[in-house]
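Student: Questions regarding the structure given below will be posed in turn.
The values are calculated or read from the model by the stated rules, or taken from the named source; none is laboratory data. Note that the coordinates shown come from a computational prediction; the quantities given were computed from them, not determined experimentally. As a convention, Cβ positions derive from the backbone with ideal geometry for all residues, glycine included, and neighbour counts pool all protein chains shown. Ligands, DNA and RNA are stripped out before the accessible areas are found, and what is left, the full protein with its side chains, is counted by its heavy atoms. Shrake-Rupley method; radii C 1.70, N 1.55, O 1.52, S 1.80 Å.
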Amino acid sequence: MASVIPPEIIEEIKARNDIVEVIGSFVQLKRAGSTNFKGLCPFHQEKTPSFHVDSARQMFHCFGCGKGGDVVRFLMDKENLTFVDALHMLASRAGIIIPEYNNNSSDRREAQQRGSLRERLLRANETMAAFFAENLKRNPDGLVANYLRSRGLSIEEALYFKIGAAPDGWTAGLEYARSCGFTDQDMLAAGLARQKEGSNRCYDQFRGRLTFAITNEQGRVCGFSARSLEAKPVDGGKYINTSETPVFRKGHLLYGMALARKAIAENNLAVLCEGQMDTIAFHRAGINYAVAPLGTAFTPDQAKVLKRYTSRLLLAFDADGAGMKAVERAAEILLPLSMDVKVISIPGGKDPDELYSTGGKEAVAAVLENARPLLSVLTSRLADKFDLNSPVGRGGAAAWIANYLKLVENRVELEGYVSEAADALKVSIDAIYAELAAIRKRDRRRDGFGSPQQQEQEVEKKVVPETPQFVYPVALISLLELAVNSENAARQISEMLEPEELSSQDPVTKALNTLIDAALNNEFQQGIKDISDSLTEHPVPEISRILVENAECPDVAKAVTQSIDDFRRVQKKKKREELKNRLKAAQSAEEKAELFKQLSALK
């Protein structure tokens, strides 16, 4: 069943998310006119700005790569989001609740309650984050504050990173939440409270712990990771997290993502750490594009989040056995995503927090510079994992590294890694390629595509028809350009062209008809808005360029007449070619005579 967002909510979301502000958080924009801004395109590499944003029409267009549309389209393209996900991100940014309802149901109330529940859970988490922060401030000599000082963190820095202190009591948090209007059911649903088995009594989930508030990408607090400072925690492990809730999905979230998101996009680089304190250490060292999973293994969903913002990643895991295991797991996830991944090696087995504490910013910057490619690191571990002095050991090592090599799509990169593996194993490059081919063959057989015929059938099934591409006459583009920038031009076009002359169903002709109808009904600005909205889900570079360019014409009436003459000339030529082709294929004398008559009339 399709989920629908009411049109009025979509309009409100767009209205409360100024396109210049949203795009400005990703791209450095400079004013280039009364309503126009320019910057380097975030969608392709360029040295001269060709990316334009129009604040009046709330549109963007790149004159280099052709991408364009409204604020929703920008987020869809920039962060690889669906239309609905982009709307949710913008709604969260503007503090708007989306009361979704089912397309096959008239019961909006239930859907509104779901939207209200999400917002209530977020507010409950944000209320408790403020409560934990206030408790930390009020207890500057408490256990949490002293621990933070021992790690070189001031109270002010801790609050910036949304660190707090949960009181060492059973119901302190609950009582505060109740005073703020939240019920025990709210707190249970948010994962902030637990219910005593066999009783209706509730108690705090987090007690006597250092708390890290976990935010979503928009900066809304959706859960917590809490660390015990006791040698032997009595209420769980060293770290405990909020349980899964409608707003907290541990495998999809990254600590520090809201703080790092803009810097990751600007630098096209992210640092993935093991924990919160390591992330904070990098940020304090000026590496403000660091994030971390939430106390569990790195997940494919977290990798996809990072992939939306960057193609380059540095892994900053511990150098011990567990850290290297984490590197191997991350490789399996990241290599298929075609990301440029390197591994940071910290001298002396220190973690990033220790490195910053002892060596400062310079030491942290140095280890980043010396990061090594992921597969080079894996290759260097072959001697530790296998007996390379025996044929059996070298065979096992070749199979092990080939399982990673098979994930590399770039042939130039693959050639370099194969050469490294061959050197490490003291075998020929051909031997590594042979092992790689054998593993790929086994994978195909395992997946049921062993024979060439089966593989060919599978390829045929995966072929996706190309989207039809229209080649627009210059005159048609000129007419739309004139109509967009002048209501009088739109009216003049309607007077000089018959409706059947604009009967094509291509996007540009449809846009021109929309503006003509709007002008005739005294709703010209609504017509502009309608064609702008149409680009959100179906972008057309020719239209977004026209909307952003705001081209001026000194003599509109003359330009319209000339463009219509050119348009008719092109249409007549097109019709003539069509009739000639039909004449060649005609069978009967009567059909040929009729086609010849029509052809003569066009001359």
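Student: Tell me the per residue accessible area of the chain using a 1.4 Å probe; a whole number in Å² is fine.
Tutor: Here the per-residue accessible area is 52 Å².
Student: If you average over every viewing direction, what projected area does the convex hull of the Cα atoms of region 376-436 give, in nm²?
Tutor: Result: a mean projected hull area of 3.5 nm².
Student: Does region 233-352 come out rounded, prolate or oblate by the C-alpha gyration tensor, with a ≥ b ≥ c the root eigenvalues, rounded set by a/c under 1.5 and, if not, prolate when a/b is larger than b/c and oblate if not?
Tutor: rounded
Student: Fully extended, how many nm does the chain gain between Asp506 and Ala557 (0.36 nm per residue separation, minus their Cα-Cα distance)?
Tutor: The span from Asp506 to Ala557 would gain 15.8 nm if fully extended.
Student: Under the classification rounded if a/c is under 1.5, otherwise prolate if a/b is larger than b/c and oblate if not, where does region 526-591 fall, given a ≥ b ≥ c as square roots of the Cα gyration tensor eigenvalues?
Tutor: Here region 526-591 falls in the oblate category.
Student: On C-alpha positions alone, give me the angle between the axis of helix 524-537 and the longest principal axis of the chain, in degrees, nearest 10.
Tutor: 50
Student: In deg cm²/dmol and to the nearest 500, what is the mean residue ellipticity at 222 nm of the chain if only DSSP H runs of at least 4 residues count, each as -39500 (n - 2.57), divided by the residue total?
Tutor: The helix-only estimate for the chain comes to -17000 deg cm²/dmol at 222 nm.
Student: Starting from the eigenvalues of the Cα gyration tensor, five times each then square-rooted, give me the equivalent ellipsoid semi-axes of region 347-453, largest first, whole Å.
Tutor: 34, 17, 13
Student: Please compute the alpha carbon radius of gyration of the chain, then divide it by the globular-protein estimate 2.2 N^0.38 Å. Two decimals is fine.
Tutor: For the chain, the normalised Cα radius of gyration is 1.23.
Student: Specify which residue in the list Ile546, Leu502, Leu520 is farthest towards the positive end of the charge dipole of region 492-603, using unit charges on the beta carbon of Lys, Arg (+1) and Asp, Glu (-1), about the Cα centre.
Tutor: Leu502
Student: Using θ = phi - 60° and the Karplus form 6.51 cos²θ - 1.76 cosθ + 1.60, what ³J(HN,Hα) does each residue of region 123-137 get, whole Hz, x for Gly and Pro?
Tutor: In residue order, the calculated couplings are 5, 5, 5, 5, 5, 6, 4, 5, 5, 5, 5, 5, 5, 5, 5 Hz.
Student: Let's test the formula: R0 of 22 Å, r as the Cβ-Cβ distance of Gln195 and Leu229. What FRET efficiency results, to the nearest 0.05?
Tutor: Calculated transfer efficiency: 0.25.
Student: I need the shape label for region 278-344. Rule: rounded when a/c is under 1.5, else prolate if a/b > b/c, else oblate, with a, b, c from the alpha carbon gyration tensor.
Tutor: Because a/c hits 1.5 or more and a/b fails to exceed b/c, region 278-344 counts as oblate.
Student: Let me ask something else about it. Can you work out the FRET efficiency for the pair Lys592 and Lys572, with r the C-beta to C-beta distance and R0 = 22 Å, to the nearest 0.05?
Tutor: 0.60
Student: If each of Asp530 and Arg442 carries a label point 7 Å out from its Cα toward its Cβ, how far apart are those two points in nm?
Tutor: 6.2
Student: When the chain is fully extended, how far beyond the present Cα-Cα distance does Glu328 get from His252, taking 0.36 nm per residue of separation?
Tutor: Separation in residues times 0.36 nm, less the Cα-Cα distance, equals 25.4 nm.
Student: In addition: Between Glu21 and Ala383, take the C-beta separation as r, use R0 = 60 Å, and let me know the FRET efficiency to the nearest 0.05.
Tutor: 0.65
Student: Further question: What percent does the relative contact order of the chain come to when contacts are Cα pairs within less than 8 Å and at least six residues apart?
Tutor: 10
Student: Still on this structure, please answer the following. Taking a 29 Å limit on the Cα-Cα distance, which of the listed pairs Lys47/Lys325; Lys232/Lys342; Lys529/Lys558; Lys510/Lys573 fall beyond it?
Tutor: Lys47/Lys325; Lys232/Lys342
Student: Something else now. Along region 511-516, what does the Karplus equation 6.51 cos²θ - 1.76 cosθ + 1.60 (θ = phi - 60°) give for ³J(HN,Hα), rounded to whole Hz, x for Gly and Pro?
Tutor: Here the 3J(HN,Hα) series is 5, 5, 4, 4, 5, 4 Hz.
Student: Modelling each spin label as a point 7 Å along the Cα-to-Cβ direction, I'd like the Thr82/Ala56 distance in nm, to one decimal.
Tutor: 3.7
Student: So which GluC sites (Glu not before Pro) in region 168-224 end up in coil per DSSP with only 15 or fewer other C-beta atoms within 10 Å?
Tutor: Passing both the DSSP loop test and the Cβ count: Glu197.
Student: Assuming 0.36 nm per residue, please report the length gained on full extension of the stretch Arg411 to Ala431 beyond their Cα-Cα distance.
Tutor: 5.5 nm
Student: Taking the Cα atoms of region 308-350 alone, what are Rg (to one decimal) and Dmax (as a whole number) in Å?
Tutor: Radius of gyration, then largest Cα-Cα span, for region 308-350: 11.1, 34 Å.
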